[in-house]
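Colleague: Have a look at this one.
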Amino acid sequence: MRHFFTILNQEIRMLLVSPSTFIAAVLFLAIMGFVFAGILESYSAAPQENSPASVFFQYFWLPVFFMVPLLTMKCLAEERRLGTLETLLTTPVTTTEVVLGKFGAAYFLYMLLWASTGGFFYVLQHFAGDARFVDRGPLIGGYVFIAVSGLLFIAIGVFASSLSRNQAVAGIGAFALLFGLISGLSFVEGMAVLDLEVLRPLKEAVAYAQVFQHLEDFSRGIVDTRQLLFYLSGTVLALIFSILGVEAKLLHG
Amino acid sequence: MTVSPPDDSAPAIEVSHLVKAYNGIPAVNDISFTVGRGEILGFLGPNGAGKSTTMRILTGYLPATGGSVRVFGLPVASRAEEVKRLIGFMPENNPLPEDMRVSEYLYYRGRLKEVPRSRLSVRLDEVLALCDLTRVRHRILGQLSKGNRQRVGIAEAILAEPPLIIMDEPTIGLDPHQILIVRDLIARLRGRMTVILSSHILPEIEMTCDRVLIINRGQVVAQGSPAALRREFLGRSAYELEVAGDLEVLPAVLGQVDPSLRLEPPLSPEAGQSIEFQRLRVVTDREDDLGEPLLHALVAAPRLRVRGLRRAEPSLEDVFLASTQRSWDVVDGAPRPGGA
């Protein structure tokens, strides 16, 4: 693991000079800014049940769908297209270090962008002068959810990038996988066919993998180890598949 | 910091019965060779012969399908990570990240190759000077000329001072001046490092390499020093004459000097008298120089006028053509894809 930090450092620097990072950042802050402004407007119009923070994090999927592919599509696909993966892997560096370094850099940037939304709440507290608007519980719960789920989302993006040498294919692949995980599974849960007795284990499994449900629990301050395990094991699995993806292409040309 | 190989007596590279197949189609088919320490070995072969595939297997980047490869006594298959520390590799076409600066890139590669931080900046200056890159050290890689990019690749390969350097087509796309610089660079490595390089430019190989390995269709078709290869494949010396006069007496004159001397191609029957000087080729199986007796005999012949006599040196190009042609005659099979 001695090269992990060298690669991580390098990848973060490369992401910070890459145009796609800035496109992702601008889009992210613009969209989340509009969402936040919309939430505040609805609060000024009528009294609401939930705190602004918990409503804000309900929209986490919006940036995830475009930001994760933009941050990760380049990482392995571009290296393979240029052939620099070959020069990288002929140094004393393992595939695991390369994949983890790239994953770490993308995750760092993902969290950096989310952390910048903390400014919204700061502005709200500063100008509203009322601590009730900024409810610490849902706020911290929301950010913890973002940090934990982000591991899996970024790992899925890295995995998609390990499958293709074309950035666009990798990006669309990441989008499709994330869409399937976040929206697809909540659709599947509602399907009547799962009510059959035979499919009961499947229904339980699907119910366990509901990302929106996890968010709600986290916002209420419930940190369920099963949910943590879901994200962590999913992350590990996606990263192992990424490593295998890179190595399989070496074996079979 | 020169990385020292673990086993002092083992040769730099030992390849035995190496096989590599892509989806069942062999790209390298039972190759065996040895490279001694400090030797400069040239890889020659037509496109798709298996040169790059062999080099990639040597670096531990590609796994072999069969056979064994040892680098300084270490088996590449099971101890790839240690082997990678002993090798500086420059792949074909030298891929570089587009948006980094030259010095930044070399620094990063140096860190990956475990050059100590304290040594790295000194070594970086050395390598930049050696490869004539000092002027462009702050330029962005994507904007460099082809020649500079190649030199960045060479700089990267020698950066960590590994005992073995493998370069796939280091002079491709360079102008003659830059080729000269690269040749000097390789000459300076002589004795200190073992070098393997592949090239299409045959005089290049002939000038820089101690030994040549010719590969065709995944098999070694010839190996040895350029001089030994000439003997093996062309087997005889040739002389070029420029003569005029009664050419019909020429075979008899040649026969007097040495029975093995003959014209190639033979004179046409209508040659006869010729006022114009003609350029003719004489070949012999003897290796020692017959130039002087031949010249004496030609001058002494009353009806012949001689203007020139020269011993023709067969180039490596002739050897290359002869050896690959021979292997095409021997090996039967469809053209195979994959692995240049």
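Colleague: How large is ³J(HN,Hα), in whole Hz, for each residue of the range A:13-28 in order, when computed from phi with the Karplus curve 6.51 cos²θ - 1.76 cosθ + 1.60 and θ = phi - 60°, using x for Gly and Pro?
Modeller: Along the range A:13-28, the couplings run 4, 5, 5, 6, 9, 8, x, 5, 5, 6, 4, 4, 5, 5, 4, 4 Hz.
Colleague: Run through the DSSP bridge list for the protein assembly as shown and note the antiparallel percent, rounded to the nearest 5.
Modeller: The answer is about 70 percent antiparallel.
Colleague: Just give the residues from the range A:91-122 buried by at least 30 square angstrom of accessible area in the all-chains context relative to the isolated chain, probe 1.4 Å, and say none if nothing qualifies.
Modeller: The answer is A:THR91, A:PRO92 - residues whose exposure falls by at least 30 Å² when every protein chain is included.
Colleague: Is the range B:1-108 rounded, prolate or oblate when judged by the Cα gyration tensor, a ≥ b ≥ c being the square roots of its eigenvalues, rounded requiring a/c under 1.5 and prolate requiring a/b larger than b/c?
Modeller: Oblate shape, in that a/c is at least 1.5 and b/c is the bigger or equal ratio.
Colleague: Seen from all sides and averaged, what is the projected area of the convex hull of the Cα atoms in the range A:164-231, in nm²?
Modeller: 6.2
Colleague: Which of the pairs A:LYS102/B:LYS20; B:LYS84/B:LYS146; A:LYS249/B:LYS51; A:LYS249/B:LYS20 have their Cα atoms more than 24 Å apart in this structure?
Modeller: Those over the limit are A:LYS102/B:LYS20; B:LYS84/B:LYS146.
Colleague: Okay, moving on. Let me know the charge dipole size of the protein assembly as shown about its Cα centre in debye, to the nearest 20, where only the beta-carbon of Lys, Arg (+1) and Asp, Glu (-1) is charged.
Modeller: So the magnitude is around 860 debye.
Colleague: Give the long-range amide H neighbours of B:VAL220: residues separated by 5 or more places, or on another chain, with amide H under 5 Å away, using H modelled in the peptide plane at 1.01 Å from N.
Modeller: So B:VAL220 has HN proximity to B:SER32.
Colleague: With each run of n ≥ 4 DSSP H residues scored as -39500 (n - 2.57), what mean residue ellipticity at 222 nm is computed for the protein assembly as shown after dividing by its residue count and rounding to the nearest 500 deg cm²/dmol?
Modeller: When only DSSP H runs of four or more count, the value is -16500 deg cm²/dmol.
Colleague: Accessible area per residue of the range A:1-91 at 1.4 Å probe, in Å²?
Modeller: Solvent-accessible surface per residue comes out at 44 Å².
Colleague: Here's a follow-up. Taking θ as phi - 60°, what are the ³J(HN,Hα) couplings along the range B:46-55 by the Karplus curve (6.51, -1.76, 1.60), each to the nearest whole Hz, with x for Gly and Pro?
Modeller: Result, ordered by residue: x, 4, x, 7, x, 5, 5, 4, 4, 5 Hz.
Colleague: Follow-up question, since we're still on this one. Within 10 Å, count the other beta carbons around each residue, average over each peptide in A:179-190, B:213-224, and list them highest first.
Modeller: Per-residue Cβ counts within 10 Å, averaged per peptide and sorted highest first, yield B:213-224, A:179-190.
Colleague: Any idea what the relative contact order of the range B:167-326 is, in percent, if you count C-alpha pairs under 8 Å spaced at least 6 apart?
Modeller: 26
Colleague: Under a plain spin-label model, where a point goes 7 Å from the Cα along Cα-to-Cβ, how far apart in nm are B:ASP175 and B:SER118?
Modeller: Result for the modelled spin labels: 4.4 nm.
Colleague: Then there's this: Cα gyration tensor of chain A, axes a ≥ b ≥ c as square roots of the eigenvalues: rounded (a/c below 1.5), prolate (a/b > b/c) or oblate?
Modeller: Oblate.
Colleague: Any idea what angle helix B:316-330 forms with the longest principal axis of chain B, computed on alpha-carbon atoms, 0 to 90 degrees, nearest 10?
Modeller: 90
Colleague: In square angstrom, rounded to the nearest 10, how much accessible surface does B:VAL136 have for a 1.4 Å probe?
Modeller: Roughly 10 Å² of B:VAL136 is accessible to a 1.4 Å probe.
Colleague: Sort B:90-97, A:191-198 by packing, meaning the average of other beta carbons within 10 Å per residue, with the highest value first.
Modeller: Descending packing order for the listed peptides: B:90-97, A:191-198.
Colleague: Further, regarding this structure: Apply the Karplus curve 6.51 cos²θ - 1.76 cosθ + 1.60, θ = phi - 60°, to the phi angles in the range A:56-72 and return the couplings in whole Hz, x for Gly and Pro.
Modeller: For the range A:56-72, the Karplus curve yields 4, 6, 4, 8, 4, 5, 4, x, 4, 4, 9, 6, 4, x, 5, 6, 9 Hz.
Colleague: Sequence-distant or interchain residues sharing an amide H contact under 5 Å with B:ILE13, placed H: which?
Modeller: Result for B:ILE13 returns B:VAL35, B:PHE72.
Colleague: Can you give me the P(r) profile for chain B? Cα pairs, bins 20 angstrom wide beginning at 0, each as a whole percent.
Modeller: 27, 44, 23, 6
Colleague: Still on this model: Over chain B, what is the mean sequence separation of C-alpha contacts under 8 Å (at least six apart), divided by residue count, expressed as relative contact order in percent?
Modeller: Once divided by the residue count of chain B, the mean separation gives 21 percent.
Colleague: Continuing with the same structure: In square angstrom and rounded to 100, what buried accessible area do you get between chains B and A, total over both, with the probe at 1.4 Å?
Modeller: Counting both chains, the buried surface is close to 2500 Å².
Colleague: Between the helical axis of B:176-189 and the dominant principal axis of chain B, each derived from Cα atoms, what acute angle in degrees is found, rounded to the nearest 10?
Modeller: 70
Colleague: What Kirkwood hydrodynamic radius, in Å, does the protein assembly as shown give when the mean of 1/r is taken over all pairs of distinct Cα atoms and then inverted?
Modeller: One over the average 1/r among Cα pairs gives 29.0 Å for the protein assembly as shown.
Colleague: A further question on this structure: Over chain B, average the accessible area per residue using a 1.4 Å probe and give it in Å², no decimals.
Modeller: With all protein chains present, chain B gives 44 Å² per residue.
Colleague: Could you grab the relative contact order for the range A:1-115? Cα pairs under 8 Å, six or more apart, rounded to a whole percent.
Modeller: In percent, rounded to a whole number, it is 51.
Colleague: A follow-up question, please. Taking 0.36 nm per residue of separation and subtracting the Cα-Cα distance, what length does fully extending A:LEU228 through A:SER44 add?
Modeller: Fully extending the segment from A:LEU228 to A:SER44 adds 62.7 nm.
Colleague: Please get the size of the charge dipole for chain B, origin at its Cα centre, with Cβ charges of +1 on Lys and Arg and -1 on Asp and Glu, quoted in debye to the nearest 20.
Modeller: Taking the Cα centre of chain B as origin, the dipole is about 1240 debye.
Colleague: Can you send over the carbon and sulfur percentage of the accessible area for chain A, probe radius 1.4 Å, protein chains only?
Modeller: Answer for chain A: carbon and sulfur cover 70 percent of the accessible area.
Colleague: If amide hydrogens are placed 1.01 Å from N in the peptide plane, which non-local residues have theirs closer than 5 Å to the one on B:ALA21?
Modeller: B:ALA27, B:THR65
Colleague: Turning to a different aspect of this structure: How would you classify the range B:30-93 from its alpha-carbon gyration tensor, with a ≥ b ≥ c the square roots of the eigenvalues: rounded for a/c under 1.5, else prolate if a/b is greater than b/c, otherwise oblate?
Modeller: Cα axes put the range B:30-93 in the rounded bin.
The values are calculated or read from the model by the stated rules, or taken from the named source; none is laboratory data. Here the structure is a predicted model, which is why all the values come from computation and not from measurement. We place every Cβ from the backbone using ideal geometry, glycine too, and count neighbours over all the protein chains shown. Accessible surface areas use protein heavy atoms only, side chains included; no ligands, DNA or RNA. Shrake-Rupley method; radii C 1.70, N 1.55, O 1.52, S 1.80 Å.
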